Amino acid sequence: MFRPLPEAELVRLDDAALIAYVRSARAARHESERLALAVLVYGHWHNVARRVALKVPAAAVEDVTSEVLVSALGAAFDGSSQGEFHVWLRTITARRIADFHRRPRPATVPLDDLSVPAPDDGAVVVEDAVSRVLGRLSDAHRRVVEQAVFEGRPAGEIDGMEAANVHQIASRFRRALREELAVR
């Protein structure tokens, strides 16, 4: 029979007892499962983050740490982990760090090296007007406008809509857009 524990008792449990508690809470469909998971993650977060910080750039430490804990916790509860949780966690940490270094990364350029042209005020006005007009359309009509007007697809190729309706919807959109732009 499952007996829920308060947080004060959960924080005193070792890893094996916490994992057993999570499994029991999950089997009993009790909400304290999430609290026990949080206690387990909190108890290991700093240590994992410290290990990760030794091997990955500072900007990626939190993401890699999250990946480590998600992987380790998933394995701890699906029965695939072998041995004690902290040993398993160390193994997963090493693997996720290696995965991080294997991933292709886009080239980075310092922000002060970029020369970005100032946005064209006219383009911003048109984009804003298009957004407002599209926002007033139903989902079905918005899809028609996106496909027929912006993608240039023939009216007969628009799924679920007759060509005459596609032409009418596109015409109304263009008229509403002209009116929106005239107000500016």
Give a residue-ordered list of calculated ³J(HN,Hα) values for region 7-16 (Karplus: 6.51 cos²θ - 1.76 cosθ + 1.60, θ = phi - 60°; whole Hz; x for Gly, Pro). 4, 4, 7, 4, 5, 8, 7, 7, 4, 4
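Taking a ≥ b ≥ c as the square roots of the Cα gyration tensor eigenvalues, with a/c under 1.5 meaning rounded and otherwise prolate when a/b beats b/c, else oblate, which class fits region 6-97? The partial results should precede the final answer.
On the way: a/c = 2.22, a/b = 1.75, b/c = 1.27.
Prolate.
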Karplus-derived 3J(HN,Hα) from phi for region 88-98 (6.51 cos²θ - 1.76 cosθ + 1.60, θ = phi - 60°), whole Hz, x at Gly and Pro, runs 4, 4, 4, 5, 4, 4, 4, 5, 5, 5, 4
Find the centroid of the Cα atoms in region 128-172 and in region 1-50, then give the distance between the two in whole Å. 52
In whole Hz and in residue order, list the ³J(HN,Hα) couplings for region 59-65 that follow from phi through the Karplus curve 6.51 cos²θ - 1.76 cosθ + 1.60, θ = phi - 60°; x for Gly and Pro. 5, 9, 4, 5, 5, 5, 4
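The numbers here are math on the coordinates, done by the rules we state, and not lab data. What you see is a predicted model, and the numbers here were worked out from it, not measured in a lab.
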